Amino acid sequence: MSEGLSTRVIHHGESFAGDTGTVMPPIFPTSTFAHGNAGGFDYTRSGNPNFRILDSVLASVEGCAHATVFASGVSAITAVVSQLKQGDLVLCEENLYGCTVRLFEQVFAKFGLKTAWVDFTQPAALEQIQAQTPAMVWLESPTNPLLKVIDLEAVCAITQPLGIPVVVDNTFATALVQRPLDLGATLSLTSTTKYINGHSDALGGAVCTNDHEWHQKMVFSQKALGLQPSPFDCWLITRGIKTLPLRLKQQMANAAALADQLADHAKVNWVRYPHRSDHPQHQVATRQMRAGGAIVTVSFNACQEQTYALCKQLRWFTMAESLGGIESLICHPATMTHAAVSAEVKAKLGIDDGLVRFSVGCEDLADLQADLEQALELLA
Ligand SMILES: Cc1ncc(COP(=O)(O)O)c(C=O)c1O
């Protein structure tokens, strides 16, 4: 019988430590390797023992054949998109992470790549795949910051017979909660900066796949485009992932409780949490996600100033733009991640001035609850 996930995140991956007996793998801060070595390494842009250790743990967690690590989530996205060519059409979920949108619209569009933005929670999106037969479908589920949940299996049932590769950005869920490849996706992409590392002290990205050709393409992009991570960041992320199951368990329990607390407040319009029964795609979420994750998005019945003041009033939730670390964070998209987005697009996506996104950490639940309670008094 194969080992459990908590065992694999701690023990998986060769240490390359020779006969030293070291329990933790060393860091290999070298740019180059002597020709003809047993590991087959030549130059760190195209491979390093620390990359290989992390590749191996990530593939094991994702339950797939191959993982390729990159310098950041955006590097991983760049690696995938760089495999497309002029004139190709990518059908994208309309609520993708902002930097993914920026890459498509401000960088790859210059090279003739076309994108169409679709609401993948609507059945019409499936018809659009059949009508437009794009070169690729790009999804994120749950999405940022609205936590829309897309039925990945339903999308892949349409794309697979047509031979259309599907990319799922799995950063919010992680492979512990959701396995896109098992649901039919070609590539599962993650910003390892977030939950995988979990300590907000390194940047990284990864692409997981069972498709040998796509794996070759990812290895090529890593080296040809210079998208490789640093050995030190890989070492940090390898250390971080060892506690992923423990961290996520606490974070998800805290998030579910805070979602319920917020939903009961008079000044809350709605709460989005995938495993709450009032989530718009609750049925899909409970089918494809083993748990609800650790992000909670809330719409307050408050203006921009009041919402901003509430965010600032919190003691244990730092107002900051990342997510997935052990420390709780809060983000006000209207003035932070989506500040540059036009009012029209924000309105279309449903991002209003009272919207906030909580990345719930590992702190004691009672402290987080008390903190929320005192800050909510500002809206009384
Ligand atoms: C869903 C999602 N994908 C990709 C990224 C990009 O990751 P990175 O910041 O590691 O480049 C982020 C970053 O916030 C994200 O939230």
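The values are calculated or read from the model by the stated rules, or taken from the named source; none is laboratory data. Only a predicted model underlies this, so the values are computations on that prediction, with no experimental measurement involved. Reconstructed Cβ throughout: ideal geometry from the backbone, glycine too, with neighbour counts over all protein chains shown. Ligands, DNA and RNA are excluded from the accessible area calculation, which covers all protein heavy atoms including side chains. Shrake-Rupley method; radii C 1.70, N 1.55, O 1.52, S 1.80 Å.
Restricting attention to region 257-302, the residues that are aliphatic (A, V, I, L, M), outside any loop (DSSP other than H, G, I, E, B), open to solvent by 10 Å² or more (accessible area, probe 1.4 Å) and over 23 Å from residue 183 (Cβ atoms) add up to 3. Output yes when any residue across region 135-150 is within 20 Å of the chain's Cα centre (by Cα), over 22 Å from residue 252 (Cβ atoms) and in a helix (DSSP H, G or I), and no when none is. No, there is no match, as no residue in region 135-150 is within 20 Å of the chain's Cα centre (by Cα), over 22 Å from residue 252 (Cβ atoms) and in a helix (DSSP H, G or I).
Would region 320-338 turn up any residue that is away from the ligand (no atom under 16 Å from the Cβ), in a loop (DSSP other than H, G, I, E, B), of a type in the set (D, E, K, R) and open to solvent by 10 Å² or more (accessible area, probe 1.4 Å)? Checking region 320-338: not a single residue is away from the ligand (no atom under 16 Å from the Cβ), in a loop (DSSP other than H, G, I, E, B), of a type in the set (D, E, K, R) and open to solvent by 10 Å² or more (accessible area, probe 1.4 Å).
Going residue by residue through region 154-167, is there one that turns out to be farther than 27 Å from residue 50 by Cβ, more than 13 Å from the ligand (Cβ to nearest atom) and in a strand (DSSP E or B)? Yes: one or more hits. When 373, 344, 363, 305 are checked against the criterion of being of a type outside the set (A, V, I, L, M), surrounded by fewer than 18 Cβ atoms within 10 Å (Cβ to Cβ) and part of a loop (DSSP other than H, G, I, E, B), a single residue qualifies: 363. Hey, does region 57-66 have a residue that's open to solvent by less than 10 Å² (accessible area, probe 1.4 Å), of a type in the set (S, T, N, Q) and either within 16 Å of the ligand (Cβ to nearest atom) or modelled with pLDDT of 95 or more (or both)? So far as region 57-66 goes, no, none of its residues is open to solvent by less than 10 Å² (accessible area, probe 1.4 Å), of a type in the set (S, T, N, Q) and either within 16 Å of the ligand (Cβ to nearest atom) or modelled with pLDDT of 95 or more (or both). Restricting attention to region 347-378, the residues being within 16 Å of residue 272 (Cβ to Cβ) and modelled with pLDDT under 95 number 4. Within region 208-226, does at least one residue satisfy the condition of being within 15 Å of the chain's Cα centre (by Cα), open to solvent by less than 10 Å² (accessible area, probe 1.4 Å) and assigned by TED's automatic domain parsing to the domain that holds residue 152? The answer is yes; a qualifying residue exists. Scan region 76-128 for residues that are closer than 16 Å to residue 149 by Cα, open to solvent by less than 60 Å² (accessible area, probe 1.4 Å) and either within 15 Å of the ligand (Cβ to nearest atom) or under 21 Å from the mean Cα position of the chain (by Cα) (or both) and the total you get is 9. Counting the residues of region 232-249 that are assigned to a helix (DSSP H, G or I), open to solvent by 20 Å² or more (accessible area, probe 1.4 Å) and either modelled with pLDDT under 95 or farther than 14 Å from residue 177 by Cβ (or both) gives 5. Looking across region 182-193 at every residue that is touching a helix residue (DSSP H, G or I) at 6+ places or on another chain (Cβ under 8 Å) and over 24 Å from residue 131 (Cα atoms), the one that is farthest from the ligand (Cβ to nearest atom) is identified as 188. Here residue 23 fulfils each of the conditions (1) more than 16 Å from the chain's Cα centre (by Cα); (2) of a type outside the set (D, E, K, R); (3) at pLDDT 95 or above apart from (3).
Can you confirm whether region 199-212 contains a residue that is farther than 30 Å from residue 365 by Cα and assigned to a loop (DSSP other than H, G, I, E, B)? Looking for residues that are farther than 30 Å from residue 365 by Cα and assigned to a loop (DSSP other than H, G, I, E, B), one finds at least one in region 199-212, hence yes.
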